[in-house]
Amino acid sequence: MLDTPILASLRCFNAAARLLSFTAAAAELHLTQSAVSQQIRQLEQRLGYALFLRQHRRLQLTVQGERLYRCVSAALQDIESTLRQLAAEEQVLQISCAPSFALDWLMPRLADFQRRYPALAVRLRAEFHRMRRQDMLAAGVDISIRYDPDDDAELPGVPVLEEYLLPVASPDFLAAHPARDAHASLTRLHDTAAWDGAPAFAEWRRWEELAPPDCQFQVAAWQEVECNLASLAQAAALNHQGVAMARSAQVLDLLESGRLQRVFPAVVAAPARYVLRSPRPEDKRVQLFCQWLQQECQLFAQQRLAVLGCR
């Protein structure tokens, strides 16, 4: 029975039953009084019983009309409430971000985004695994940001920040452990999974391949400490436990504050970069965040150029 004509009539009936006036219902629905009266008459003919007792200058619901009104009113209120909730959820931007980048770079900057767009709430999820389009849609993820070397992914990516590598350690550790002491034994802090599917020790090997000869370690032996997040290796370096191969996005502020120091003056291009992907790039929320993120990355690149000499 719930075809288009009866649904339209039920909407008119709900307003008329609540207000007990065809005239008032017409004003609320932006219809004429005769249009509302006709809708109610057609509904009564369709149902086969009267819904209103039409008395002089007033309406009264029949027994059937009272029962139908309670049902229709509750259903429409449920629909309205659900639509409002869904509309509110549309103002939530869900971002899945590589954990170390989220913790050390993105999180401190998110307050600026939320200040600019206070109606748009951000839900930040720290996740390591790559996400396909289907995964993102199923999880309600609007944006994925990964430290990623793969230009051949299922979803087109927007490169937002190039990355550079440099070995770092605390001042106290460097004072006690010279990096070019052929008789020394140093502790090397590893992020063993730089990205999903990365070969072991990918970033240390990158340094060994690209750093100039005068910036290579010349120590008697390495002791190894393996971590599954770059942030853990960085925390170990801050606690004087060894030398970490750092990404510039995570340590630039620490270098400026002096809490960490460069072991060598050189930096090398990382084997991966930060890439943004979205299953709905046309979404206005996604576009706003992407524009803001690119601006923040440009500002960071200028700061990095001043500190490290690389963009």
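The values are calculated or read from the model by the stated rules, or taken from the named source; none is laboratory data. Computed from a prediction, not measured in an experiment: that's the story for all the values here. As a convention, Cβ positions derive from the backbone with ideal geometry for all residues, glycine included, and neighbour counts pool all protein chains shown.
This table checks each residue for (1) over 20 Å from Ala16 (Cβ atoms); (2) in contact (Cβ under 8 Å) with a residue 60 or more places away in the chain; (3) surrounded by 14 or more Cβ atoms within 10 Å (Cβ to Cβ).
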{"residue": "Cys71", "(1), (2), (3)": "no, no, no"}
{"residue": "Cys97", "(1), (2), (3)": "yes, no, yes"}
{"residue": "Ser100", "(1), (2), (3)": "yes, yes, yes"}
{"residue": "Arg109", "(1), (2), (3)": "yes, yes, yes"}
Neighbours by Cβ (under 6 Å, 6+ apart or cross-chain): first from segment 186-209, outside any loop (DSSP other than H, G, I, E, B); second acidic (Asp, Glu) and modelled with pLDDT under 90: Arg188/Glu224; His190/Glu226
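A quick yes/no check of all residues on (1) under 24 Å from Ala230 (Cα atoms); (2) among the hydroxyl-bearing types (Ser, Thr, Tyr); (3) in contact with a strand residue (DSSP E or B) (Cβ under 7 Å, 6 or more places away or on another chain):
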position: Gln91; (1), (2), (3): no, no, yes
position: Ala111; (1), (2), (3): yes, no, no
position: Arg133; (1), (2), (3): no, no, no
position: Ala139; (1), (2), (3): no, no, no
Test: residue in segment 253-266 that is among the aliphatic types (A, V, I, L, M), crowded, with 22+ Cβ neighbours inside 10 Å and within 19 Å of Ser96 (Cβ to Cβ): no
Verdict on Leu120 being in contact with a helix residue (DSSP H, G or I) (Cβ under 7 Å, 6 or more places away or on another chain) and over 19 Å from Arg285 (Cβ atoms): no
Single unsatisfied condition, Val160 versus (1) surrounded by 13 or more Cβ atoms within 10 Å (Cβ to Cβ); (2) assigned to a loop (DSSP other than H, G, I, E, B); (3) within 16 Å of the chain's Cα centre (by Cα); (4) not charged (D, E, K, R): (2)
Considering residues of segment 117-141 that are under 28 Å from Leu232 (Cβ atoms) and either in a loop (DSSP other than H, G, I, E, B) or hydroxyl-bearing (Ser, Thr, Tyr) (or both) only, the residue nearest to the chain's Cα centre (by Cα): Val141
Count - residues of segment 259-309 that are part of a helix (DSSP H, G or I), charged (D, E, K, R) and within 30 Å of Arg132 (Cβ to Cβ): 3
Flag for Arg115 being closer than 22 Å to Cys297 by Cα and of a type outside the set (Gly, Ala, Ser): yes
Among the candidates Leu76, Leu51, residue that is touching a Lys or Arg at 6+ places or on another chain (Cβ under 9 Å) and either surrounded by 14 or more Cβ atoms within 10 Å (Cβ to Cβ) or among the small types (Gly, Ala, Ser) (or both): Leu76
